[in-house]
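Encoded as structure tokens, the structure appears first; notes follow it.
Coordinate-derived values only; no laboratory data. Remember, it's a predicted structure, so these values are computed and weren't measured experimentally. Ideal geometry is used to build each Cβ from the backbone, glycine not excepted, and the neighbour counts take in all protein chains shown.
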Amino acid sequence: MLAQGAPGVTSGPNSSMVVAMTWLLVLLPVAVILDRAGASPPLVFLVAALVIVPLAGLIVHSTEQVAERTGPAIGGLLNATFGNLPELIICVVALRAGLIDVVRASLVGAVLANVLLALGVAFLLGGRRHHVMEYNPAGARAYGSMLMLAVITLAVPASFHRLLGASEPVSARTVDLTTSLVLLGTYVCYLVYMMWTHPDFFAASEAAGDEGHHGPTWSAGRAVGTLLGASVGAAWMSEILVGAAEETGRELGMSPVFLGMVLLAVIGGAAESGSAIAMGRRNKPDLAVGIAMGSSIQIALFVTPVLVLLSSLIAPAPLHLAFTRLEIGMLLLGTLIVVTTSNDGRATWFKGVQLLAVYLIIAASVYWMPVAAP
């Protein structure tokens, strides 16, 4: 994903990180063989998840390589489109399999994993190496307001579904589609605001220094070819991953909510989470905040409405924005804590602990939640 507030500067996994992860690709044929042989679902799930991590990294890195040749405006659009492609692929595959509840939970989990887990680890590791990390508070406040807007907007159709959804299916679907179109329109305005009209609001603080692209530049053919190949590989592995997900949850005693909100969300966002953590360790908090919070904004304002629109065409049943009270409550609390801790422009290791504490409590609560709970 483009470094939010630094158009044209890449901030995703650097080349050394991508190389370090690519050895996991040797497990790709192993995952296929295990799936065809009918191996234990938890084993198939684990191997497929390990393969998706480097594929996600290659998608993000190759997109950044393409973006370097297109300029900041088009580059930002490319990064916005492909930065969350792994999460989108996993959700599309789950939709086709009819795992609607898992998809809804994974969308909430992707937001929480970015703003609590990834940013928490980034602040913790960076804060241990640097006493105080300073970043642009105006950018953090802008991200925070967008996240709050997204949470409030998603809570409205969720409330509608709880009150009237069962008795008014046509009206409920109309509310979902209207909300999705409004979110997409808001996302376009957000991109224009961030990259064209007010990029100064998101500029990195002077203390952060320059953080350009690290590693060799790929040729255009290699970048496009890697992007296409990694996308196909991610779609293939997502089919295997989702196919083993339900049985894995049953065998390990996991609820569908935990499966989507924690496991699938963390796997799909592994590459960008790793980028945010790497930027935090290198005392680049502007980039860490931009990657983590910007990715969550993309999930809420772009990926979610796209899935709602696509579900009518690819899923056995449409995806409704019927988030449960638990999901909306966790989304709201997660957004509130990250807005509270990040809006002053100063990061320390203890702020990372605070964010991680909230995430671990949420993960534990959904892990032990009874499968039959409403």
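Assorted remarks:
- Here THR341, THR22, THR153 are placed in order of increasing Cβ neighbour count within 10 Å, fewest first, which gives THR22, THR153, THR341.
- Placing dummy labels 7 Å off each Cα toward the beta-carbon, the span from VAL30 to VAL224 is 3.4 nm.
- Near the amide H of ARG346, within less than 5 Å, lie the amide hydrogens of TYR135, all on another chain or at least 5 residues away, with H placed in the peptide plane.
- LEU252 versus MET148: modelled label distance in nm, points set 7 Å from Cα along the beta carbon direction: 3.6
- Point-to-point label distance, ARG173-PHE350, nm (Cα→Cβ direction, 7 Å offset): 5.4
- Remark: the ILE361-ALA39 segment gains 112.7 nm on full extension, using 0.36 nm per residue and subtracting the alpha carbon distance.
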